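All of the numbers you see were taken from the coordinates with simple rules; none came from a lab. If you're wondering where the values come from, they're calculated on a predicted model, not measured in any experiment. Every residue, glycine among them, receives a Cβ derived from its backbone with ideal geometry; neighbour counts consider all protein chains shown.
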Amino acid sequence: MNCMIAQSGGPTVAINSSLAGALTAAEKSKAFGKVYGAINGIIGVLNDNIMDLSERSASIPDFTGRLSLTPGMYLGSCRYKIPSGADGEADYKRIFEIFKKYDIGAFFYIGGNDSMDTVDKLSKYADSISSEVRVIGIPKTIDNDLACTDHTPGFGSAAKYVACTVREIAYDAYIYADPSVTIAEIMGRDAGWLTASSALARTAGSPAPDLIYLPEVAFSLDDCIKCTRELLKKKNSVIIAVSEGIRDKDGKYISSSSERLDKFGHAMLSGAGKTLENIMRDELKIKVRSVEINVLQRCAMHMASLTDLKEAGLLGETAVSLALSGKTGLMTVIKRESSAPYKVQYAETPVSSVANAVRNVPRDFINESGDDVTEKMIEYLKPLIQGEPAVRYVDGLPDYLPEEHLF
């Protein structure tokens, strides 16, 4: 039997490390004849766009080592949700025809919430037709919003990028004597983990960000303006971190500028920072600017967390072990045993408990007034950003694996 791996959703710094971990474990096990990769996620399976990863691993020196230090998604991605029930019957049949063609005994899907929905559906369909194909999910998302796991691969590196960027924004803002407000809008539609990580930017001499607003707590524009006015009495520069998905007490997005939805029915957001910039400029009558920290942290290998990369690889290895033991319909997870010293174990959970669920920031990780995080959040975050990988540079720039097969 052979196995197949695919990737889906948005890219991260660590997702290729999970791919490398699964590939390495599959080859070491000697249980699979070949390891295949589907190009562009489940769409690649449906279109029979399949790569021989075993051949590539054998022909490129230190392939898995370089793969682990290459950002993005080596196998490409898609955002396709298989229809439920009878509407998806044609897709299910086609996918399992491809599995039969390549003699697939295990399928590993690396992705986030919607990808785990695919894992759940495929594992249940396999059971309904008495197929022996094992289907295992490997988590990833910079949003850190998957249920049943302490954190997700990709988040630690993205958190490190956000914290570094906000610290550098502060150094830029502090040079001016004129009063100003800088608003950093950070990704996070429903969960504020990434925005919360901006708190790691603080030093003994720099309290920035001065205010932090997450979507888990109702946002009050009046309170935000009031707090900013008070801060400006003590200092020239105020820096505010906001999640793109902050909402008012009625649940309305601050950034709602359209009623458009994406393919999965999620509201398409943009402009929370710009919206606040325009309002606060009119209210405060000073210089206000907004900076959108959007997709840049998704592929910033030059600022990756070594802890993040190592854990991503081990989750890939764990997935292979689960499949080899005959298990299916699971997602690999991280269970934290302690934060100081930092210690985790790798386990699994039914993917049905993860698919389409959202893990929000706990209320006790946010201060009472809803404009900052607590020490519990800092203790949770710190271990995840530790260590720096030895990225190879050529002519002053990072040297990553070429991905010509994607274009």
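Asn356 passes every criterion in (1) in contact with a Leu (Cβ under 9 Å, 6 or more places away or on another chain); (2) surrounded by fewer than 17 Cβ atoms within 10 Å (Cβ to Cβ); (3) of a type outside the set (Ser, Thr, Tyr); (4) assigned to a loop (DSSP other than H, G, I, E, B) apart from (1). Restricting attention to the stretch 214-248, the residues that are among the hydrophobic types (A, V, I, L, M, F, W, C) and within 15 Å of Leu284 (Cβ to Cβ) add up to 9. Taking the stretch 293-310 as the range and being buried (at least 24 other Cβ atoms within 10 Å of the Cβ) and over 15 Å from Glu388 (Cβ atoms) as the test, only Gln297 passes.
Can you list residue pairs whose Cβ atoms sit under 8 Å apart, with the first residue in the stretch 319-348 being touching a residue at least 12 places away in the same chain (Cβ under 8 Å) and among the aliphatic types (A, V, I, L, M) and the second being in a strand (DSSP E or B) and loosely packed, with under 13 Cβ neighbours inside 10 Å? Count only pairs 6 or more apart in sequence or on different chains. Close Cβ pairs (under 8 Å, with a partner that is in a strand (DSSP E or B) and loosely packed, with under 13 Cβ neighbours inside 10 Å) amount to Ile334/Gln345; Val344/Glu337. Which of the following residues is at negative phi and among the polar types (S, T, N, Q): Asn2, Asn40? After ruling out the rest, the residue left standing is Asn2. Does Arg66 satisfy being farther than 30 Å from Ser352 by Cα and in contact (Cβ under 8 Å) with a residue 24 or more places away in the chain? The answer is yes for Arg66.
Counting only strands (runs of 3 or more DSSP E) that fall entirely inside the stretch 147-256 and contain at least 1 residues that are without any contact (Cβ under 8 Å) to a residue 60 or more places away in the chain, the qualifying elements are 237-243.
For the stretch 310-348, filtered to residues that are β-branched (Val, Ile, Thr) and not in a strand (DSSP E or B), the residue that is nearest to the chain's Cα centre (by Cα) is Thr318.
Among the residues of the stretch 115-135, the ones that are touching a Gly at 6+ places or on another chain (Cβ under 8 Å), crowded, with 20+ Cβ neighbours inside 10 Å and either not hydrophobic (A, V, I, L, M, F, W, C) or not in a helix (DSSP H, G or I) (or both) come to 8 in all.
Tallying residues that are closer than 17 Å to Arg247 by Cα, in contact with an Asp or Glu (Cβ under 6 Å, 6 or more places away or on another chain) and hydrophobic (A, V, I, L, M, F, W, C) within the stretch 352-374 yields 2. Close Cβ contacts (under 9 Å, 6 or more residues apart or on different chains) running from residues in the stretch 31-46 that are of a type in the set (D, E, K, R) to residues that are surrounded by fewer than 23 Cβ atoms within 10 Å (Cβ to Cβ) comprise Lys34/Asn2; Lys34/Asp52; Lys34/Ser54; Lys34/Glu55; Lys34/Tyr102; Lys34/Asp103.
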